[in-house]
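The values are calculated or read from the model by the stated rules, or taken from the named source; none is laboratory data. For clarity, every value in this text was computed on a predicted model and none was experimentally measured. Cβ sites come from the backbone with ideal geometry, for glycine too, and all protein chains shown count toward neighbours.
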């Protein structure tokens, strides 16, 4: 049983972790649930007629002119009209702007990348800028992200949350519950391999559900509807609550799809690279320093887009960038000879979870 002093420290660590998450969400998105610090003409609970229109067929049309006025392309702002119907992006149209016509036409191929995706999927979508039109591309991506976040908040005031009864969502929930409960009673390598396979196939490849800085900052900035995102909500619950009952790193070792994929790779080859204690300590220090640097990059606004390169997004391979896929493949290949290398020596997400679940004054 956890000592009272350790329990108090762990609760303090959890609070510290949540405050860190809130601070970087505010730095990147400029908002927290209930208040948008960047909105100039509307708030999360108030729809400006020029910003949001609800059509007779129930479609929502978001005009990003005012809510993304701080996002600049090459020559100025790049406002968009985003049409959402039945919680899916129907189409995105560019409004008049001052961008160079040739460059903008090159970047405009991105406008169809979000079509057909739910607002949750569209917000999580990782889209690379088009070579040769980088400034216009990033302005388009920024406007889409800002518009989708606004639409999701506005939609929450218009419609009541509804549970997704799809086979995919139910399967995802069942796999999360299996991973959360069965390993507490079943201590078997064969079962763990089977559970890891389910984590990879169902949670990762089919549902595209995982915890990452991108998703958590989005939830912290814009709120989280447990009914709409039940699978990642359960994952987050396990990741934060289980350490309070004595099961540290439970999410990382039993539930994370990318951690499971590395575990499966390590089981395929018996040979492992021998790593001395000094090297392991050095790599652990590297992980801590890397996390500190990455946090500073978000807080200062120097490079908040590093979150787009977390390898978890490779599970959504239809929309993941080739860089993310290459990073994921590299670490999976390394896992054949080094046990879970990304989890142990790199993962910023895992480092944040360690901070949240620490019962000592040295949270890393």
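Key figures
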{"item": "Enumerated strands (runs of 3 or more DSSP E) restricted to segment 24-142, each holding at least 3 residues that are modelled with pLDDT of 85 or more and surrounded by 17 or more Cβ atoms within 10 Å (Cβ to Cβ)", "result": "60-63, 80-85, 88-94"}
{"item": "Residue 228, sole failed condition from (1) crowded, with 17+ Cβ neighbours inside 10 Å; (2) at pLDDT 90 or above", "result": "(2)"}
{"item": "Residues located in segment 338-364, provided they are surrounded by fewer than 21 Cβ atoms within 10 Å (Cβ to Cβ), part of a loop (DSSP other than H, G, I, E, B) and either modelled with pLDDT of 95 or more or in contact with a helix residue (DSSP H, G or I) (Cβ under 9 Å, 6 or more places away or on another chain) (or both)", "result": "338, 339, 346, 359, 360, 361, 363, 364"}
{"item": "Every residue from segment 190-229 that is over 25 Å from residue 308 (Cβ atoms) and in contact with a helix residue (DSSP H, G or I) (Cβ under 8 Å, 6 or more places away or on another chain)", "result": "191, 192, 193, 195, 196, 197, 198, 226"}
{"item": "Residues of segment 318-329 satisfying the condition of being part of a loop (DSSP other than H, G, I, E, B) and in contact (Cβ under 8 Å) with a residue 12 or more places away in the chain", "result": "319, 320, 321"}
{"item": "Criterion (touching a residue at least 24 places away in the same chain (Cβ under 8 Å), in the same structural domain as residue 347 (by TED's automatic domain parsing) and buried (at least 22 other Cβ atoms within 10 Å of the Cβ)) met by exactly one of 255, 244", "result": "255"}
{"item": "Sole residue being assigned to a helix (DSSP H, G or I), buried (at least 22 other Cβ atoms within 10 Å of the Cβ) and modelled with pLDDT of 90 or more, chosen from 171, 179", "result": "179"}
{"item": "Tally, over segment 316-337, of residues that are over 13 Å from residue 214 (Cβ atoms) and buried (at least 20 other Cβ atoms within 10 Å of the Cβ)", "result": "3"}
{"item": "Extreme residue, farthest from residue 217 (Cα to Cα), among residues of segment 278-317 that are under 16 Å from the mean Cα position of the chain (by Cα) and assigned to a loop (DSSP other than H, G, I, E, B)", "result": "317"}
{"item": "Search result, residues across segment 274-317 that are touching a helix residue (DSSP H, G or I) at 6+ places or on another chain (Cβ under 9 Å) and farther than 26 Å from residue 126 by Cα", "result": "275, 280, 283, 284, 286"}
{"item": "Condition met for residue 340 (in the same structural domain as residue 206 (by TED's automatic domain parsing), within 29 Å of residue 15 (Cβ to Cβ), over 19 Å from the mean Cα position of the chain (by Cα) and in contact (Cβ under 8 Å) with a residue 60 or more places away in the chain)", "result": "yes"}
{"item": "Pairs, first without any contact (Cβ under 8 Å) to a residue 60 or more places away in the chain in segment 298-311, second surrounded by fewer than 12 Cβ atoms within 10 Å (Cβ to Cβ) and not in a loop (DSSP other than H, G, I, E, B), C-beta under 9 Å, six or more apart", "result": "302/296"}
{"item": "Residue match in segment 147-159 (condition: over 28 Å from residue 26 (Cβ atoms), under 24 Å from the mean Cα position of the chain (by Cα), assigned by TED's automatic domain parsing to the domain that holds residue 88 and modelled with pLDDT under 90)", "result": "no"}
{"item": "Residue within segment 217-224 that is assigned by TED's automatic domain parsing to the domain that holds residue 171, outside any helix (DSSP H, G or I) and at pLDDT below 90 present", "result": "yes"}
